[in-house]
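*Asks:* Got a structure for you, written out below as structure tokens; questions coming shortly.
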Amino acid sequence: MEKTFLMIKPDGVQRNLIGPIVERLENKGFKVVGAKLMQVSEDLAKTHYGEHSERPFFGELVDFITSGPVFAMVLEGENVIKTARLVVGSTNPQEAAPGTIRGDFGLTVGKNIIHGSDSPESAEREINLFFDESEVLDYDLSNSAWIY
Ligand code: GTP
Ligand code: MG
């Protein structure tokens, strides 16, 4: 089944939103197959956000994502990459729809609460960047027959 990478950013962790956010993702029907609280190093931040290295806000982005612990997750589900991005909402929380994580919890693009992989290629890259193979588990949830 398809997997994606999500990361609650330092603002979400500091605002005690790990629980409410994970609850939404579990309620949607996604399966958590990997999760950890971690400190992102400057190197990891620069690699993860490499595609934005020429953007004017790159320094700010790296400083922000390394400013405190993040909660990194691997989620599994049918079409999870695209669907999790819908649950996350638009990049700018001021434009994100109510009912989405960014729409309900954020106010500024620089502090938009959560990251989600945007394609199968980034999902694979980011899962491998943040998680060892042994940290991503293969298991069954007893409720899956009621989702699929
Ligand atoms: P991620 O899931 O975090 O990758 O967000 P995204 O895919 O919705 O947006 P994108 O990859 O285009 O941008 C990456 C991150 O850069 C965003 O989540 C924002 O936090 C940040 N960002 C984007 N535009 C701006 C900006 O104009 N100013 C600042 N400070 N940050 C920005
Ligand atoms: Mg992105």
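The values are calculated or read from the model by the stated rules, or taken from the named source; none is laboratory data. Nothing here was measured: the structure is a model prediction, and the numbers come from that model. All Cβ positions, glycine included, derive from the backbone under ideal geometry; neighbour counts span all protein chains shown. The accessibility values were calculated without ligands, DNA or RNA, using every heavy atom of the protein model including side chains. Shrake-Rupley method; radii C 1.70, N 1.55, O 1.52, S 1.80 Å.
*Asks:* Any chance you could count how many residues in the range 107-119 are open to solvent by less than 80 Å² (accessible area, probe 1.4 Å) and within 15 Å of ligand 2 (Cβ to nearest atom)? Write out each step before concluding.
*Replies:* Of the residues in the range 107-119, the ones open to solvent by less than 80 Å² (accessible area, probe 1.4 Å) are 108, 110, 112-117, 119.
Then keep just the ones that are within 15 Å of ligand 2 (Cβ to nearest atom); that gives 110, 112-117, 119.
Of the residues in the range 107-119, 8 are open to solvent by less than 80 Å² (accessible area, probe 1.4 Å) and within 15 Å of ligand 2 (Cβ to nearest atom).
*Asks:* State yes or no: is Leu37 open to solvent by 70 Å² or more (accessible area, probe 1.4 Å), away from ligand 1 (no atom under 11 Å from the Cβ), at pLDDT 95 or above and more than 18 Å from Leu86 (Cα to Cα)?
*Replies:* Judged against the criteria, Leu37 is a match.
*Asks:* Also, I was wondering about something else. Using beta carbons and a limit of 6 Å, which pairs, at least six apart or on different chains, have the first residue in the range 49-67 and outside any helix (DSSP H, G or I) and the second one open to solvent by 30 Å² or more (accessible area, probe 1.4 Å)?
*Replies:* Note: pairs meeting the criteria are Thr66/Glu42.
*Asks:* Against the condition at pLDDT 95 or above, among the acidic types (Asp, Glu) and assigned to a loop (DSSP other than H, G, I, E, B), how does Glu78 come out, does it pass?
*Replies:* Values: at pLDDT 95 or above: yes; among the acidic types (Asp, Glu): yes; assigned to a loop (DSSP other than H, G, I, E, B): yes.
It is true that Glu78 is at pLDDT 95 or above, among the acidic types (Asp, Glu) and assigned to a loop (DSSP other than H, G, I, E, B).
*Asks:* Let me ask something else. Quick one: how many residues across the range 48-64 are open to solvent by 50 Å² or more (accessible area, probe 1.4 Å) and within 16 Å of the chain's Cα centre (by Cα)?
*Replies:* Taking the range 48-64 as the starting set, the residues that turn out to be open to solvent by 50 Å² or more (accessible area, probe 1.4 Å) are 51, 53-57, 60, 63.
So of that shortlist, the ones also within 16 Å of the chain's Cα centre (by Cα) come out as none.
Qualifying residue count, the range 48-64: 0.
*Asks:* Taking the condition of a type in the set (Phe, Trp, Tyr), surrounded by 18 or more Cβ atoms within 10 Å (Cβ to Cβ) and out of contact with any strand residue (DSSP E or B) (no Cβ under 8 Å at 6 or more places or on another chain), does Phe71 pass?
*Replies:* Working: of a type in the set (Phe, Trp, Tyr): yes; surrounded by 18 or more Cβ atoms within 10 Å (Cβ to Cβ): yes; out of contact with any strand residue (DSSP E or B) (no Cβ under 8 Å at 6 or more places or on another chain): no.
So Phe71 does not fit the description; no.
*Asks:* Continuing with this model, one more query. Hey, can you tell me all the residues within the range 96-142 that are over 13 Å from Leu6 (Cβ atoms), outside any helix (DSSP H, G or I) and of a type in the set (Phe, Trp, Tyr)?
*Replies:* Tyr139
*Asks:* Moving on. Quick one: what pairs do we get from the range 83-102, first residue closer than 17 Å to Ser119 by Cβ and open to solvent by 20 Å² or more (accessible area, probe 1.4 Å), second within 11 Å of ligand 1 (Cβ to nearest atom) and of a type in the set (D, E, K, R), C-beta under 8 Å, 6+ apart or different chains?
*Replies:* Every condition considered, the pairs that remain are Arg85/Asp118; Ser90/Arg102; Thr91/Arg102.
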